[in-house]
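Quick notes on the structure that follows.
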Amino acid sequence: MDIPSLPIPTVAIHDSSDRFPVRRIFCVGQNYAEHAREMGSDPDRQQPFFFSKPADAVVASGTAIPFPGQTQDLHHEVELVLALGEGGSDIAAADAERLIFGCAVGIDLTRRDLQAVAKKAGRPWDMAKGFDQSAPIGAIVPGALPAATSAITLDVGGARRQSGVLSDMIWSPAEILAILSTYVRLAPGDLIFTGTPSGVGPLNPGDQVTAAVDGLPPVRIELA
């Protein structure tokens with residue numbers, strides 16, 4: 001039997017024909033105070049927690065995504081995504097931004113009903129967060145982080161669902177990278193979803209979703 005040859009997942013780079021290769025996807029849970037409250041948690045800078053998605057969960061903007069199975073409560077979560085061009089372990093927060101190749105807008109699609117069952121039973125979130133096509137992402141813009149005053153929003157069918165500013169984050173991007181680097185060795189190709197503002201909610205087949213951060217290309221998907 002032949003050994004399978006597998007493609008490397010990639011993400012578009014803004015204004016370039018090059019593609020960004022994806023190694024791993026890490027996500028920060030409840031990194032905006034109002035979202036933490038709407039999920040029933042205390043947002044008072046508790047130590048951040050992380051979960052992951054498979055690299056091939058990335059989906060390009062403009063894609064029609066089949067509504068996933070095994071859920072009756074699919075939710076949207078708009079996020080700023082960091083794309084790493086360098087890596088390392090035990091990185092100081094003051095040095096962390098040098099790891100960033102660029103930034104993009106992402107959507108953390110979540111099977112909220114499966115997540116609720118997993119939370120109650122003390123089980124992993126993998127099937128709630130890491131399913132196929134669960135990480136739509138726009139083109140990566142190389143360079144510095146967006147300004148902390150940048151708006152982060154998500155619309156469904158033209159109606160605003162989520163709205164905040166990046167300064168609402170409990171843990172800054174540099175702090176997130178520094179803390180995550182104490183758990184795993186970060187590497188080029190890693191994507192970091194940095195959390196979502198309040199207003200997460202359900203999606204239905206036929207919904208058209210637009211997620212945006214000021215200064216970055218939006219990501220648009222449709223639930224087929």
Can THR196 be described as outside any strand (DSSP E or B), closer than 25 Å to THR10 by Cβ and among the polar types (S, T, N, Q)?
yes
Expected single match for modelled with pLDDT under 95, assigned to a loop (DSSP other than H, G, I, E, B) and not acidic (Asp, Glu) among GLN47, GLN72 is GLN47
Can you give me the number of residues within the range 44-73 that are free of Cβ contacts under 8 Å to residues at least 12 places away in the same chain and either closer than 15 Å to VAL184 by Cβ or hydroxyl-bearing (Ser, Thr, Tyr) (or both)?
0
Given the options ALA128, ALA116, name the one that is in a helix (DSSP H, G or I), buried (at least 21 other Cβ atoms within 10 Å of the Cβ) and on the phi < 0 side of the Ramachandran plot.
ALA128
Criterion: farther than 26 Å from TRP125 by Cβ, touching a Phe, Trp or Tyr at 6+ places or on another chain (Cβ under 6 Å) and surrounded by 13 or more Cβ atoms within 10 Å (Cβ to Cβ) - qualifying residue of GLY85, GLY106, GLY102:
GLY85
Considering only the range 138-162, state which residues are open to solvent by less than 10 Å² (accessible area, probe 1.4 Å) and either at pLDDT below 95 or among the aliphatic types (A, V, I, L, M) (or both).
ILE140, ILE152, LEU154
For the range 176-187, indicate whether the set of residues that are open to solvent by 40 Å² or more (accessible area, probe 1.4 Å), within 29 Å of ARG98 (Cα to Cα) and among the hydrophobic types (A, V, I, L, M, F, W, C) is non-empty.
yes
Candidate set from the range 6-43 (those that are at pLDDT below 95 and among the polar types (S, T, N, Q)); member that is surrounded by the most Cβ atoms within 10 Å (Cβ to Cβ)
ASN31
Determine whether GLY206 is in contact with a Ser or Thr (Cβ under 7 Å, 6 or more places away or on another chain), at pLDDT 95 or above, open to solvent by 10 Å² or more (accessible area, probe 1.4 Å) and assigned to a loop (DSSP other than H, G, I, E, B).
no
Among (1) in contact with a helix residue (DSSP H, G or I) (Cβ under 7 Å, 6 or more places away or on another chain); (2) under 21 Å from GLY69 (Cα atoms); (3) charged (D, E, K, R), where does ASP113 come up short?
(1)
State all residues of the range 120-157 that are under 21 Å from LEU99 (Cβ atoms) and of a type in the set (Gly, Ala, Ser); if no residue qualifies, say none.
ALA135, GLY138, ALA139, GLY143, ALA144, ALA147, ALA148, SER150
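The values are calculated or read from the model by the stated rules, or taken from the named source; none is laboratory data. Nothing here was measured: the structure is a model prediction, and the numbers come from that model. Heads up, the Cβs are rebuilt from the backbone with ideal geometry, glycines too, and the neighbour counts pull from every protein chain shown. Accessible surface is based on the protein model in full, side chains and every heavy atom, while ligands, DNA and RNA are left aside. Shrake-Rupley method; radii C 1.70, N 1.55, O 1.52, S 1.80 Å.
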